[in-house]
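Worksheet for the structure shown next.
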Ligand code: ORX
């Protein structure tokens, strides 16, 4: 596999090939191309940079079967927030012990469902939740989610979730009274984090409450450092910087061995979503309409393009994830060179004036029927896309190079992955033609 060093926003030539091949099929609807290698590359990087931390992928971020099946094949755990997410993951053959039900405010029937399916690990941050768990799943292994300083993050949710560390002892006392089993501490620094120190500070806060739990006699053995790890190539603070800060803070507050050289036996886990999903997905949308606007006050023109995907579809990330997207023209290099460039506005297809994808962007002049593409669109996009106004949610195409196909083919879960990729499961070895990265599996006789 290639190293993580890839140019900003550049996807491999084979992704472009898959895009061109899809369009050549005469399609007009928007679609994604998933670069499966990117998911594997991300995991390799995670293992390399934070070897002590076991990831539990946050299913909410992107529940496409290719994401879930590939990650399950890699042995990653799953962070589920609802009954449906738990059922999806269990139906893939993932063991209940590889699931954390990481929603501190759970529906009662979902807690019961978790209990019936042996999903034991779950988070809480309030006393009412303890009463529900005591009644419905008394054997649960509970993780206390703390409120941490999320002031450096774009998506902040300490307003919604997390117990105040100063009052955490009260919750632990109540858990003790209810004879519940608290096993760890978690936090989420928020997403789009601008400072690696948010993680180190949170780890230090977690240690203090961890010790309170230990003193109360709980068998504290899990630290869950949540999500918020960047997944795109131009984050505010890099994954490497965060990994460095996290490793340093863990060495200080949760060392792998104690002063006597004994293993401390504390499992460190995390709940990354966007880290795994963002960069593997490239969205391609069609220019369905175009208007040239005069701006007399400024003595210039602006071109407005209307695409067949918008903020009610994939671009819901602009609203719910404060995301800034980067449209690129799907043109050859000579077309890019010779076309006129204009200030442009890119709109979605619905009859809603809020449905704006990007203002003030300079684009080469595009014609109706041509395509724009948006790299790194895998996180919180298709997962929450709707059919509002009758527009279609994009379909998903796969880009799998022969080398990656060969790796996947040797995984025990290959038959399931083959089903997702819609390629035949063959017992004998086969070659894959480079011209047809997925569709062209050729059996070798
Ligand atoms: O980042 C956020 O605001 C929302 N939370 C995602 C989330 C993740 C992991 N654990 C829990 C979560 O709520 C409990 C994953 O976070 P990330 O993808 O940043 O690694 C999602 C916001 C969507 N708009």
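The values are calculated or read from the model by the stated rules, or taken from the named source; none is laboratory data. Values in this document were obtained by computation on a predicted structure and should not be read as measured data. Cβ coordinates were reconstructed from backbone atoms using ideal geometry, including for glycine residues, and neighbour counts include every protein chain displayed.
Please state which of the following conditions residue 342 fails to meet, knowing it meets all the rest: (1) touching a helix residue (DSSP H, G or I) at 6+ places or on another chain (Cβ under 6 Å); (2) more than 17 Å from residue 288 (Cα to Cα).
(1)
Can you go through 223, 250, 214 and tell me which one is in a helix (DSSP H, G or I) and within 30 Å of the chain's Cα centre (by Cα)?
Working: 223 fails: in a helix (DSSP H, G or I); 214 fails: within 30 Å of the chain's Cα centre (by Cα).
Being in a helix (DSSP H, G or I) and within 30 Å of the chain's Cα centre (by Cα) holds for just one of 223, 250, 214, which is 250.
Residues of the stretch 68-79 being surrounded by 24 or more Cβ atoms within 10 Å (Cβ to Cβ) and either within 19 Å of residue 384 (Cα to Cα) or within 12 Å of the ligand (Cβ to nearest atom) (or both), which ones?
Correct list: 78, 79.
Taking the stretch 310-323 only, how many residues are within 16 Å of the ligand (Cβ to nearest atom) and assigned to a loop (DSSP other than H, G, I, E, B)?
Number of matching residues: 8.
Conditions tested, residue by residue: (1) more than 21 Å from residue 173 (Cβ to Cβ); (2) touching a strand residue (DSSP E or B) at 6+ places or on another chain (Cβ under 9 Å); (3) exposed (fewer than 14 other Cβ atoms within 10 Å of the Cβ).
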{"residue": "102", "(1), (2), (3)": "yes, yes, no"}
{"residue": "105", "(1), (2), (3)": "no, yes, no"}
{"residue": "109", "(1), (2), (3)": "yes, no, yes"}
{"residue": "116", "(1), (2), (3)": "yes, no, yes"}
{"residue": "135", "(1), (2), (3)": "no, no, yes"}
{"residue": "142", "(1), (2), (3)": "no, yes, no"}
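Collect the residues in the stretch 358-379 that are touching a helix residue (DSSP H, G or I) at 6+ places or on another chain (Cβ under 7 Å) and surrounded by fewer than 24 Cβ atoms within 10 Å (Cβ to Cβ), keeping them in residue-number order.
Result: 364, 371, 373.
Sort out which residues of the stretch 257-275 are modelled with pLDDT of 95 or more and either surrounded by fewer than 18 Cβ atoms within 10 Å (Cβ to Cβ) or outside any loop (DSSP other than H, G, I, E, B) (or both), and write them in order of number.
Those that are modelled with pLDDT of 95 or more and either surrounded by fewer than 18 Cβ atoms within 10 Å (Cβ to Cβ) or outside any loop (DSSP other than H, G, I, E, B) (or both): 266, 267, 268, 269, 270, 274, 275.
Take the residues in the stretch 22-53 that are within 16 Å of the ligand (Cβ to nearest atom) and either surrounded by fewer than 18 Cβ atoms within 10 Å (Cβ to Cβ) or assigned by TED's automatic domain parsing to the domain that holds residue 123 (or both); name whichever of them is nearest to residue 287 (Cα to Cα).
That would be 45.
Just wondering, is there one or more residues in the stretch 104-114 that are under 18 Å from residue 54 (Cα atoms) and within 15 Å of the ligand (Cβ to nearest atom)? Quick ask: steps written out before the conclusion?
Let us first name the residues in the stretch 104-114 that are under 18 Å from residue 54 (Cα atoms), namely none.
Taking every residue of the stretch 104-114 in turn, none turns out to be under 18 Å from residue 54 (Cα atoms) and within 15 Å of the ligand (Cβ to nearest atom).
Based on what the data block shows, is residue 346 farther than 25 Å from residue 14 by Cα, at pLDDT 95 or above, touching a strand residue (DSSP E or B) at 6+ places or on another chain (Cβ under 8 Å) and not assigned by TED's automatic domain parsing to the domain that holds residue 422?
So residue 346 fits the description; yes.
Taking residue 118, is it more than 17 Å from residue 245 (Cα to Cα) and more than 15 Å from the ligand (Cβ to nearest atom)?
For residue 118, the condition - more than 17 Å from residue 245 (Cα to Cα) and more than 15 Å from the ligand (Cβ to nearest atom) - is met.
For the stretch 276-310, which positions are more than 13 Å from residue 377 (Cα to Cα) and within 24 Å of the chain's Cα centre (by Cα)?
Passing the criteria: only 308.
Test residue 326 against the criterion of being outside any strand (DSSP E or B), more than 16 Å from the ligand (Cβ to nearest atom) and under 27 Å from residue 227 (Cβ atoms), and give yes or no.
On the way: outside any strand (DSSP E or B): yes; more than 16 Å from the ligand (Cβ to nearest atom): yes; under 27 Å from residue 227 (Cβ atoms): yes.
Considered against the rule, which asks whether it is outside any strand (DSSP E or B), more than 16 Å from the ligand (Cβ to nearest atom) and under 27 Å from residue 227 (Cβ atoms), residue 326 comes out as yes.
Could we say that residue 171 is more than 15 Å from the ligand (Cβ to nearest atom), part of a helix (DSSP H, G or I) and within 22 Å of the chain's Cα centre (by Cα) here?
Values: more than 15 Å from the ligand (Cβ to nearest atom): yes; part of a helix (DSSP H, G or I): yes; within 22 Å of the chain's Cα centre (by Cα): no.
No.
Quick check on this structure: which one of 192, 184, 162 is closer than 20 Å to residue 241 by Cα and within 15 Å of the ligand (Cβ to nearest atom)? Working first, answer last.
Working: 184 fails: closer than 20 Å to residue 241 by Cα; 162 fails: closer than 20 Å to residue 241 by Cα.
Matching residue, one of 192, 184, 162: 192.
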